[in-house]
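Just below is one structure, and these are the notes that go with it.
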Amino acid sequence: MHIPESAPVRSDINVTPLVDVVLVLLIIFMVVTPMLQKGPAVKLPVTMNPPKKPDEKNQILVAIEDDREIWIDKEKVPESAFPPKIREAYERSSSSTVVIKGDARLNYGDVKKAMLAVKEAGFTSVGLIVEKRQTQ
Amino acid sequence: MGMAVGGKGGLNSEINVTPLVDVVLVLLIIFMVIVPLSQMGYDIEIPRESISAVPPEQTEKQVIMAVSEADCAIAQPLGGAGLPPGCRVRINKEECLAADLTTRMGEIFGNRKKSDKILFLAAEEKLNYEGIVQLLDMAKSGAGEDLKVGIVTDERLATAR
């Protein structure tokens, strides 16, 4: 049998396809992860110069949709069950920060009610999440 | 019988940096995309003591921003339109145009100690949430990032003249 001797033997692994796959996975996860954390689709209020509010590890996200559906993190909670649920969350980890993502079409009263429930639960501060106006 | 080991081309002892550069560039792009997506918002203080428990020497320093529908017609969703022209708020019962709110807040809070920079927000419950947040944004940009905002539970203060 004749073994062609024109190409020399290469003993190292070709890593290029591996790097490609890993990079694509990395991109997919980095793009998808922040979207997953942000709860239901809520049309946030838009303001001119909102301060940064870093997303802390143990933050509790309360989202209020325009039809007044309330979500705590990824769990949908009926309006009447919100105060006990948030109290439960406080008892579990009192050092957490609470942020409210309220829909821009809501009344102030709906958000205020949620803020007062958060206060009753024992938290002393709550963040209101907004979006920065995109300047054209 | 014999095998030629690397007969042609010679030894290449340099590290191939191309994949490394690829990784770094893609990471750079990802972070450039993600940074603007980071969360932004306002902190609202909701202390357990009620507003009536504030000692009298502090009540005169207290600043209440009252928003009522009669002063600022924002009962409907704004829908990207921004605050209506002629929208006013009352700061300790004194009228102030929303357009002047940033300047007014700067005057009030400009030379206060950090511990005294507290604004209480009293707004009617039927008003649009986005409108209230935009007023809050103006107040905060006038008074500085360290302004603390509290909410007033009693709705009657929003319409008090």
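Quick notes
- Test result for A:Gly109, of a type outside the set (A, V, I, L, M, F, W, C), more than 22 Å from B:Gly79 (Cα to Cα) and touching a Lys or Arg at 6+ places or on another chain (Cβ under 8 Å): no
Rundown of residues vs (1) open to solvent by less than 10 Å² (accessible area, probe 1.4 Å); (2) hydroxyl-bearing (Ser, Thr, Tyr); (3) within 12 Å of chain B (Cβ to nearest Cβ), yes/no style:
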| residue | (1), (2), (3) |
| --- | --- |
| A:Trp71 | no, no, no |
| A:Glu75 | no, no, no |
| A:Ser80 | no, yes, no |
| A:Ser94 | no, yes, no |
| A:Thr97 | no, yes, yes |
| A:Ile100 | yes, no, yes |
| A:Ala104 | yes, no, yes |
| A:Gly127 | yes, no, yes |
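- Residue in region B:131-149 that is over 19 Å from A:Ser125 (Cα atoms), open to solvent by 60 Å² or more (accessible area, probe 1.4 Å) and charged (D, E, K, R) present: no
- The residue list A:Lys119, A:Lys113 contains one member that is in a helix (DSSP H, G or I) and within 7 Å of chain B (Cβ to nearest Cβ), which is A:Lys119.
- Residue in region B:96-117 that is closer than 19 Å to B:Leu157 by Cβ, open to solvent by 60 Å² or more (accessible area, probe 1.4 Å) and assigned to a loop (DSSP other than H, G, I, E, B) present: no
- Test: residue in region B:68-76 that is facing another protein chain (nearest Cβ under 10 Å), open to solvent by 40 Å² or more (accessible area, probe 1.4 Å) and at pLDDT 90 or above: no
- Scanning region A:74-90 for residues that are free of Cβ contacts under 8 Å to residues at least 12 places away in the same chain and over 18 Å from the mean Cα position of the chain (by Cα) yields A:Pro78, A:Glu79, A:Ser80, A:Ala81, A:Pro84, A:Glu88.
The values are calculated or read from the model by the stated rules, or taken from the named source; none is laboratory data. What you see is a predicted model; the values in this text were computed from it and never measured. So basically every Cβ, Gly included, is an ideal-geometry build from the backbone, and we count neighbours across all protein chains shown. Ligands, DNA and RNA are excluded from the accessible area calculation, which covers all protein heavy atoms including side chains. Shrake-Rupley method; radii C 1.70, N 1.55, O 1.52, S 1.80 Å.
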